[in-house]
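J.: Got a structure here, written out as structure tokens. Questions coming.
The values are calculated or read from the model by the stated rules, or taken from the named source; none is laboratory data. Please read these numbers as outputs of a predicted model, since none were measured by experiment. Glycine also receives a Cβ, built like all others from the backbone with ideal geometry; neighbour counts cover every protein chain displayed.
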């Protein structure tokens, strides 16, 4: 995401130089296009900043949802469950990384398997 903002800033710098050159020229159509381009560049930068902010918010939400954050967990059948019996959460990811990763029902080799570390429960 930072690359987009850096690229937009470089584009703005180049644009400013182009704008200065066009002011010396006596071409109304060129000046009009440059002003339009200026608006588009500023919109692009604003959108990039909005995406960056949204990305930060989503990363924080993922971290919050996958952390243990005060949840009371109990180990049952080789996996963690919360007080409302939600689970199973991967014991490997929780014990090593303090992340609550919900295990998926597979029904193949394992009854439940972690999507992150592939820990399985038969």
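J.: Looking at the range 76-91, is at least one residue modelled with pLDDT of 85 or more, part of a loop (DSSP other than H, G, I, E, B) and in contact with a helix residue (DSSP H, G or I) (Cβ under 8 Å, 6 or more places away or on another chain)?
T.: Yes, the range 76-91 has at least one match.
J.: Take residue 60 and tell me if it is in a helix (DSSP H, G or I) and at pLDDT 90 or above.
T.: Judged against the criteria, residue 60 is not a match.
J.: Right, next: Identify all residues within the range 3-17 that are surrounded by 14 or more Cβ atoms within 10 Å (Cβ to Cβ) and without any contact (Cβ under 8 Å) to a residue 40 or more places away in the chain; write none if there are none.
T.: Correct list: 11, 12, 15.
J.: Continuing with the same structure: Residues of the range 92-117 being modelled with pLDDT of 90 or more and in a loop (DSSP other than H, G, I, E, B), which ones?
T.: Correct list: 101, 103, 114, 115, 116, 117.
J.: Is it true that residue 62 is within 30 Å of residue 122 (Cα to Cα) and not assigned by TED's automatic domain parsing to the domain that holds residue 113?
T.: Criteria met by residue 62.
J.: Can we say residue 78 is surrounded by 11 or more Cβ atoms within 10 Å (Cβ to Cβ) and more than 28 Å from the chain's Cα centre (by Cα)?
T.: On the way: surrounded by 11 or more Cβ atoms within 10 Å (Cβ to Cβ): yes; more than 28 Å from the chain's Cα centre (by Cα): yes.
Yes: the conditions hold for residue 78.
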